[in-house]
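Enquirer: One structure, pasted below without further comment.
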Number of protein chains: 2
Amino acid sequence: MNIPDLDTPALIVNLDLLAANIRALQAYLDEHGIANRPHIKTHKIPALAQMQMDAGAAGITCQKLGEAEVMADAGLRDILIPYNLLGEGKLARLTALAARTTLSVTADSGVIVRGYSEAMARAGLVLDVLVECDTGGQRCGVQSPAQAAELARLIQRAPGLRFGGLMTYPNTEYLDDFVRATRTLLAGEGIPIERVSGGGTKVMRQAHTHRELTEHRAGMYIFGDRHLMLAGATPLETVSLRVLATVVSRPTATRGILDCGSKTLSSDLLSLTGYGYLCEYPEAGIFALSEEHAHVDFSACGRAPEIGERVTVLPNHVCPAVNLAERVYGLRGAAVETVWDVAARGKAG
Amino acid sequence: MNIPDLDTPALIVNLDLLAANIRALQAYLDEHGIANRPHIKTHKIPALAQMQMDAGAAGITCQKLGEAEVMADAGLRDILIPYNLLGEGKLARLTALAARTTLSVTADSGVIVRGYSEAMARAGLVLDVLVECDTGGQRCGVQSPAQAAELARLIQRAPGLRFGGLMTYPNTEYLDDFVRATRTLLAGEGIPIERVSGGGTKVMRQAHTHRELTEHRAGMYIFGDRHLMLAGATPLETVSLRVLATVVSRPTATRGILDCGSKTLSSDLLSLTGYGYLCEYPEAGIFALSEEHAHVDFSACGRAPEIGERVTVLPNHVCPAVNLAERVYGLRGAAVETVWDVAARGKAG
């Protein structure tokens, strides 16, 4: 099977670029002695997680229990879930997962810690829990080193738990100071901070500037996308994933419609203008998406494509685009060498 | 199973409101002699399509071949696909589908018409093709009555095809004039415009004001969402679908994090501010989404919820939210009466 045999829209991956991206980040992190724990939320494909492990990753990161279950089923063995998990159903699944794989999780409040502790103590297991720290990202996370130290003590005392270190996302300029201040507060209490887990593809090449960082979680680096390309993190020539699409309508001389809408690209803007980068018509603007259509303005281009012409698009944000796809096609040149099911897509819990 | 037994995030549907919404639109369109052809892209669930048919719908609308195949497999028998379909793979599937169900499609160019004609003539089938008209929506569609008439003639002459009428989305103030002008151009050529198919939930209650409309395609009316609530089309007390979510973090006194991110709600803004309506905290603002988190500002609320508290959210746009879900829970009061797989979710082609 070759590219022209693929029905559109389809997510296509250049296998050589993919492998090079995996190698490059691993080499960089190896050089600086930082453990690589790639985030599989970007691809949700066990075979790609295995490629990352084979290249030297210390383990993987999953954002949902459902993703971690799929990865554990496929044989991945060291998993971090950096998410506050609570509720009877999730804690039962977490316990089952902890019993069969090396697992760590995070918490940013006593409520979450107590839930983990009750579940693990009942099962006779010991779970590593990292404290999620807000170092400027304004997402989840404790707000200060004092809160981080307090939660670390709670974890260390809690039956069935072990304090596993600190976690943040993304790496910011406050990361090192936050970690040092927390360590100072815990000094003399026998609670070392063994692991400091940071993350982000946009900031991956600055990981070595954070002296306290012991591991890095990047997800999008294996594919890249328009947002990362424009930010300079994944230059166009390294972006391994594109959406293959067909021009299905040309209502006017300058307007065209592709068969990749928000159900393919996602409607993520990430503060950009437009919804994707049209590789063959870089001056074109994808100015709107409906669910099954991308609306393109070709007025700045020398020519506009004919109906039936195939084009390739970099989505603004690759993670939700992959989550929306049933499968991803791996290409060697123009030949389809591999077809992966996106096995961990769309997991709610 | 009751609401508290559901893991979050989960899409929950009030079955009484759902049935009432189905009945109400059917009664309105019946009263005005307009055929009801609900768009199943909103729910993607065969059982709901069957409920719409049982209530009196003339047929259903699917936006993708893959959706139509799922619906035909489930026994739905009169399907419109208002989409330009092209390419060998899709035309082969279209032919197989046309051979086993009552099918109609649309086109807005000669390229699309010729593809349909070759496929149908080869198979010895006759397919109804409607001309898609841009009556102001600026999506796909021919731009003028002259182009519509020209394409109607092409369809009528083409082996294996039958001119099936005109289609537009959404209904606009230009709809009737567009249809009349096209009819005038075709007068005396023996090409009647038997079917005029319009659509839209936001404009559904004005369908009767379009004298030329013979059928209406609405999708979101069975559920409603924040966008339609704010537009006055689906008042809050009629909205049947909500996202059940849990507060998983309270980083600050006024900020909270729910476990429903863009992977649950979708990042569709539809020109609104914020990403959803938090039913229990109507003054709260969902000011950002990450993939697995909704970021909420509770500063305008009298109180903010505790970690672990469950809330319900109206997504901005219900269609992509359902597309992202593996299943939907149908509730009678607080009891889960039905669990539907979203069987036609995520179809690329």
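We did not get these values from a lab; they are worked out from the coordinates using the rules stated. Bear in mind that the values here come from a model prediction, so they are computed numbers and not experimental data. Cβ atoms come from the backbone with ideal geometry, glycine included; neighbour counts cover every protein chain shown.
Enquirer: Per residue of A:257-263, what is the mean number of Cβ atoms on other protein chains within 10 angstrom of that residue's Cβ?
Expert: Per residue, the average neighbour count from other chains is 5.
Enquirer: Counting Lys and Arg as +1 and Asp and Glu as -1, each charge on the Cβ, what is the dipole of the range B:2-146 about the Cα centre in debye, to the nearest 20?
Expert: Dipole of the range B:2-146, to the nearest 20 debye: 400 debye.
Enquirer: Now a separate question. Would you tell me the mean number of C-beta atoms belonging to other protein chains that fall within 10 Å of each C-beta in B:240-248, as a whole number?
Expert: 2
Enquirer: Next up: Equivalent-ellipsoid semi-axes (√(5λ), Cα gyration tensor) for the range A:13-125, whole Å, largest first?
Expert: Rounded to whole Å, the semi-axes are 29, 14, 11.
Enquirer: Given 5 Å bins starting at zero, what is the percent of C-alpha pairs of the range B:97-203 in each, up to the one with the largest pair distance?
Expert: P(r) for the range B:97-203, in whole percents per bin: 2, 14, 25, 23, 18, 11, 6, 1, 0.
Enquirer: Sticking with this structure for a sec: Assign one of three labels to the range A:166-325, namely rounded, prolate or oblate, based on the Cα gyration tensor with a ≥ b ≥ c the square roots of its eigenvalues; rounded applies when a/c is under 1.5, prolate when it is not and a/b is larger than b/c, and oblate otherwise.
Expert: The shape class here is prolate.
Enquirer: On a C-alpha basis, how far is the centre of the range B:189-240 from the centre of the range B:259-337 in Å? Whole number, if you could?
Expert: Each part's Cα centre sits 25 Å from the other's.
Enquirer: As I understand it, the dipole of the range B:285-349 uses +1 on the Cβ of Lys and Arg and -1 on the Cβ of Asp and Glu, about the Cα centre. Which of B:L324, B:C301, B:V342 lies farthest toward its positive end?
Expert: B:V342
Enquirer: Got the B:L236 label distances to the other copies yet, label 7 Å along Cα→Cβ, in nm, shortest first?
Expert: Those label-point separations list as 4.9 nm.
Enquirer: So, one more: Counting every Cα pair in the range B:66-125, what percent are over 19 Å apart?
Expert: Taking all Cα-Cα pairs of the range B:66-125, the fraction more than 19 Å apart is 23 percent.
Enquirer: Could you pull the Rg and Dmax for chain B, using just the Cα atoms, both in Å?
Expert: 21.8, 73
Enquirer: Find, among the GluC sites (Glu not before Pro) in the range A:12-102, those assigned to loop by DSSP (not H, G, I, E, B) with at most 12 other beta-carbon atoms within 10 angstrom.
Expert: none
Enquirer: Can I ask one more? Let's see if you can work this out: charge +1 on each Lys and Arg Cβ, -1 on each Asp and Glu Cβ, no other charges. What is the dipole magnitude of chain B about its Cα centre, in debye to the nearest 20?
Expert: Roughly 640 debye, rounded to the nearest 20.
Enquirer: So the label point sits 7 Å from Cα along the Cα-to-Cβ vector; using that for A:G333, what distances do you get to the other copies, in nanometres, sorted shortest first?
Expert: For A:G333, the other copies' label points sit at 6.8 nm, shortest first.
Enquirer: Can you show me the helix-derived [θ] at 222 nm for chain B, built from DSSP H runs with n ≥ 4 at -39,500 (n - 2.57) apiece and divided by the number of residues, rounded to the nearest 500.
Expert: Calculated at 222 nm, the ellipticity per residue is -8500 deg cm²/dmol.
Enquirer: So for the range A:149-263, taking the charge dipole from beta-carbon charges (+1 Lys/Arg, -1 Asp/Glu), which of A:L154, A:G190, A:I222 sits furthest toward the positive end?
Expert: A:I222
Enquirer: So, one more: How many angstrom lie between the C-alpha centres of the range B:62-96 and the range A:41-87?
Expert: Each part's Cα centre sits 36 Å from the other's.
Enquirer: Among A:Q26, A:P251, B:A231, which residue has its Cα furthest toward the positive end of the charge dipole of the protein assembly as shown, with +1 on Lys/Arg Cβ and -1 on Asp/Glu Cβ?
Expert: A:Q26
Enquirer: For chain B, calculate the relative contact order in percent as a whole number, restricting contacts to Cα pairs under 8 Å that are 6 or more residues apart.
Expert: 20 percent
Enquirer: Counting only trypsin sites (Lys or Arg not before Pro) that are in a DSSP loop and have at most 12 other C-beta atoms within 10 Å, tell me the longest site-free stretch of chain B.
Expert: Answer from the scan: B:101-210.
Enquirer: Let me ask you something else. Output wanted: per-residue J couplings in Hz (rounded whole) for the range A:122-138, from phi through Karplus 6.51 cos²θ - 1.76 cosθ + 1.60, θ = phi - 60°, x for Gly and Pro.
Expert: The phi angles translate into 4, 8, x, 10, 10, 10, 6, 10, 9, 8, 7, 10, 7, 9, x, x, 6 Hz.
Enquirer: Output the direction-averaged projected area (hull surface divided by four) of the convex hull of the alpha-carbon atoms of the range B:237-339, in nm².
Expert: In nm², the orientation-averaged hull projection of the range B:237-339 is 6.8.
Enquirer: Right, something else. Taking the label point as lying 7 angstrom from Cα along the Cα-to-Cβ axis, what are the distances from A:P4 to the corresponding position in the remaining copies, in ascending order and in nanometres?
Expert: With the label placed 7 Å along Cα→Cβ, A:P4 yields 6.3 nm.
Enquirer: How large is the dipole of the protein assembly as shown about the Cα centre if only Lys and Arg carry +1 and Asp and Glu carry -1, each at its Cβ, rounded to the nearest 20 debye?
Expert: 380 debye
Enquirer: Quick one: Debye curve from the C-alpha atoms of the protein assembly as shown, no solvent, what's log10 I(q)/I(0) at q = 0.07, 0.09 Å⁻¹?
Expert: Log10 I(q)/I(0), no solvent term: -0.49, -0.80.
Enquirer: Across the Cα atoms of the range B:1-56, what radius of gyration and what greatest pairwise Cα-Cα distance (Dmax) are found, in Å?
Expert: That works out to 13.9, 44 Å for Rg and Dmax.
Enquirer: Okay, moving on. Checking the table A:K263/B:K64; A:K64/B:K263; A:K347/B:K41; B:K41/B:K90; A:K202/A:K263; A:K263/B:K41 against a 22 Å threshold on Cα-Cα, which pairs fail?
Expert: Pairs exceeding the cut-off: A:K202/A:K263.
Enquirer: Averaged across the residues of B:63-69, what count of C-beta atoms belonging to other chains lies within 10 Å of each residue's C-beta?
Expert: Mean partner shielding for this stretch: 2.
Enquirer: Go through the range A:299-341 and name the GluC sites (Glu not before Pro) that are in a DSSP coil and have 12 or fewer other Cβ atoms within 10 Å of their Cβ.
Expert: Within the range A:299-341, the qualifying GluC sites (Glu not before Pro) (loop, at most 12 other Cβ atoms within 10 Å) are A:E306.
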